[in-house]
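Scroll down for the structure; my scribbles are underneath it.
Where a number appears in this text, it was derived from the coordinates with a stated rule and is not lab data. Here the structure is a predicted model, which means the values were calculated and not measured. Because the Cβ atoms are built from the backbone with ideal geometry, glycine has one as well, and the counts that use them run over all protein chains shown.
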Amino acid sequence: MIRLLLAAGLALPLAACQPDEPAAEAPPRPVKSVEIRPFRDQAPVFTGVVDPRVSTDYSFRILGRMVARDVDVGDLVRKGERLAALETTVLQQAVDSAEAAATGANATLANAVGVEARQRALRQSNTATQADLDNAVQALEAARSAATQAMAALAKAREQLGYASLVAEFDGVVTAVSAEPGQVVAAGQSVVTVASPDRRDAVVDLPDAMAGRLALGTALQVRLQLAPAIVAAGAVREIAPLADPVTRTRRVKIALDSPDDRFRLGSIVTVALPGDDAGFLALPQAAVFGADGARRVWVVSADGASVATRPVTVRPAPDGQWVVLDGLAEGERVVTAGVNSLAEGQRVRIDGAVR
């Protein structure tokens, strides 16, 4: 027992001689931050579709029963190629009748020419009277008029027969069919739609205010939605003058300049619309604070472990951000939350980083 008490007494002075442990280091403070990027990287993106600049709805000029449709959706057609046809029985009969009438009228005219010539010769020899000659001349004029009318009727009948065939007027691709063989179609009713794939537009519906900022000829880049790396240059060629009363959007057509073949008709595309500040760096309002009458930001170190203040020169942007005029470089990261409670050189941990 005495030995235990002696051991305890010796241990107390030794414990008192131990050095004090250092205070625990404060853990890094989590902060939210954003990487500085140009406004063009934040440009709003709108979706559109590739449409043909030239698209024609072919229709017959006359009423009739369609007996043939030679093309389907997706078929390539050449200029002069037949697309569809109407039944021609009645039309052909009309042509045959007109040809017979024209033949009879021409025969009557030839006979009248001969009669007039004989009466004129007889009148010169005083064998025929002037009345006989006058009658012959009148008969000739009537026959000539009848022949002209018969030939016009024949030409019209042949033209009507030609209307029974629907022919492509340019090279293109069939994008829609609206009638089937056996169907009775009215004059002017759409039967086949053909588009020219040579000239293509990107058609986008934009908010009224944003469409108003564009001008004809404005250069834009159009990307395939499924392959953003595939880009086509374009220029605004048409802006709808009125907004849609329901969606309040205006249709904008962008002419594509020598687009890649993968910009097929109907492809979904995206168009970014950078504003006037596209070349400047964008800075969130929450990242800026006032110190000593100057605007400053907390810049995160390259290793993301600490922060340091830096003065910046900025001006307001229309979308509520700041336009950086001086003090920051693209790719640097700044704190966007709790900027008034940080200290110079304070250790931080990046949390909720936004690119």
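Structure notes:
- Inter-label distance, nm, simple model (7 Å from Cα along the C-beta direction), Asp72/Val113: 5.6
- Restricting the calculation to Cα atoms, region 89-162 shows an Rg/Rh of 1.22 when the hydrodynamic-style radius is the Kirkwood one.
- Entry note, region 89-162: relative contact order of 52 percent, from Cα contacts under 8 Å with a spacing of 6+ residues.
- Nearby lysines by direct alpha-carbon distance to Lys156 (threshold 29 angstrom, same-chain neighbours under 8 apart not counted): Lys79
- Given their separation in residues at 0.36 nm each and the Cα-Cα distance between them, Met151 and Ala302 gain 45.1 nm when the chain is fully extended.
- Lysines with Cα under 21 Å of Lys32, excluding same-chain neighbours fewer than 8 positions away: none
- Between Pro38, Pro259, Pro316, the Gaussian network model of the chain with springs among Cα atoms under 10 angstrom shows the greatest mean-square fluctuation at Pro316.
- Considering only Glu169, Glu344, Glu87, the Gaussian network model of the chain with Cα springs below 10 Å gives its largest mean-square fluctuation to Glu344.
- In range of the label at Val90: residues from region 65-81 whose backbone nitrogen is under 15 Å from the point 7 Å along Cα→Cβ: 65-67
- Vicinal HN-Hα couplings computed from phi for region 252-262 (Karplus, 6.51 cos²θ - 1.76 cosθ + 1.60; Hz; Gly/Pro x): 10, 10, 10, 6, 8, 9, 6, x, 4, 4, 6
- Label-point separation, Ala26 to Asp132 (7 Å along Cα→Cβ), nm: 13.7
- Point-to-point label distance, Ala142-Lys79, nm (Cα→Cβ direction, 7 Å offset): 5.0
- Highest-MSF residue in the chain out of Ala136, Ala84, Ala211 [GNM, Cα springs under 10 Å]: Ala136
- The alpha carbons of the chain occupy a box of 180, 54, 34 Å along the principal axes, longest dimension given first.
- With Cα atoms, 0 to 90° folded angle of helix 2-16 axis to the chain main axis: 60
- Rounded to the nearest 20 debye, the dipole magnitude of region 89-162 is 140 debye, with +1 charges on Lys and Arg beta carbons, -1 on Asp and Glu beta carbons, and the Cα centre as origin.
- Value of relative contact order over the chain, rounded to a whole percent, pairs C-alpha under 8 Å and six or more apart: 27
- Residue by residue, region 306-317 carries 3J(HN,Hα) couplings of 8, 10, 8, 7, 8, x, 9, 10, 9, 9, x, 9 Hz when phi is fed to the Karplus relation 6.51 cos²θ - 1.76 cosθ + 1.60 (θ = phi - 60°); x denotes Gly or Pro.
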